[in-house]
Amino acid sequence: VLLQAFGGGLVQAGGYLRLSCVASGSAFSTYDMGWFRQAPGKEREFVAAITWRGEVTFYADSVRGRFTIDRDNAKNTVYLQMNSLKPEDTAVYSCGQRRGSTTGWRKLGDYAYWGQGTLVTVSS
C-alpha cells in the first residue's frame, strides 16, 4: 500500500487548509485510516482517525472542534479539514492505514503503511 499526503503549505494563524491522502490499491475502502503529525523536535502524535465506512471519527483533544476528518472511498482518499489553525499546529502531517489486528486508535503501533507527509506551517 502506498500513501501520499498533499495539501500542506504556509498559512496565517486563524486560516485553514485541507489535506488529502491518496492510497494505492483496491482495498482502501475496507481499512480505517488515521492522520498523525510530527512537529520539529517532537514525537509523532495522533490527530484524527476514521472508520472504514466513515461513520465514526476520533480526534485528539488539541484539534477537536477545529479539524474534521472524512473520506471518499470511491477516490481512495482520506481528508483532513483544518480550520482556525494555530502556530502550534505546525508539523509534518501524514496518514496511516490502521492495522486490522489492533483495538486501539491513537498510537503509532495501531497503524501501518505510513505515507510521505506534507508540511503545514502556521505563522503567527
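The values are calculated or read from the model by the stated rules, or taken from the named source; none is laboratory data. Note that the coordinates shown come from a computational prediction; the quantities given were computed from them, not determined experimentally. We place every Cβ from the backbone using ideal geometry, glycine too, and count neighbours over all the protein chains shown. Side chains included, ligands, DNA and RNA excluded: accessible areas come from the protein's heavy atoms. Shrake-Rupley method; radii C 1.70, N 1.55, O 1.52, S 1.80 Å.
Tabulated values for the structure
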quantity: Segment 1-15 - residue that is open to solvent by 60 Å² or more (accessible area, probe 1.4 Å) and aliphatic (A, V, I, L, M) and, of those, farthest from Trp114 (Cα to Cα); calculated: Leu10
quantity: Residue in segment 92-107 that is crowded, with 19+ Cβ neighbours inside 10 Å and of a type in the set (S, T, N, Q) present; calculated: yes
quantity: Candidate set: segment 21-56, residues that are closer than 20 Å to Arg106 by Cα, assigned to a strand (DSSP E or B) and β-branched (Val, Ile, Thr); chosen: the one farthest from the chain's Cα centre (by Cα); calculated: Ile50
quantity: Candidates Asp61, Asp70, filtered to the one that is acidic (Asp, Glu) and either closer than 16 Å to Arg18 by Cα or open to solvent by less than 80 Å² (accessible area, probe 1.4 Å) (or both); calculated: Asp70
quantity: Condition met for Arg18 (open to solvent by 80 Å² or more (accessible area, probe 1.4 Å), under 11 Å from the mean Cα position of the chain (by Cα) and under 12 Å from Val78 (Cα atoms)); calculated: yes
quantity: Test: residue in segment 95-102 that is of a type in the set (Lys, Arg), over 22 Å from Gln4 (Cβ atoms) and touching a residue at least 60 places away in the same chain (Cβ under 8 Å); calculated: no
quantity: Hits in segment 21-55 - residues which are open to solvent by 50 Å² or more (accessible area, probe 1.4 Å), free of Cβ contacts under 8 Å to residues at least 40 places away in the same chain and of a type in the set (Ser, Thr, Tyr); calculated: Ser26, Thr30
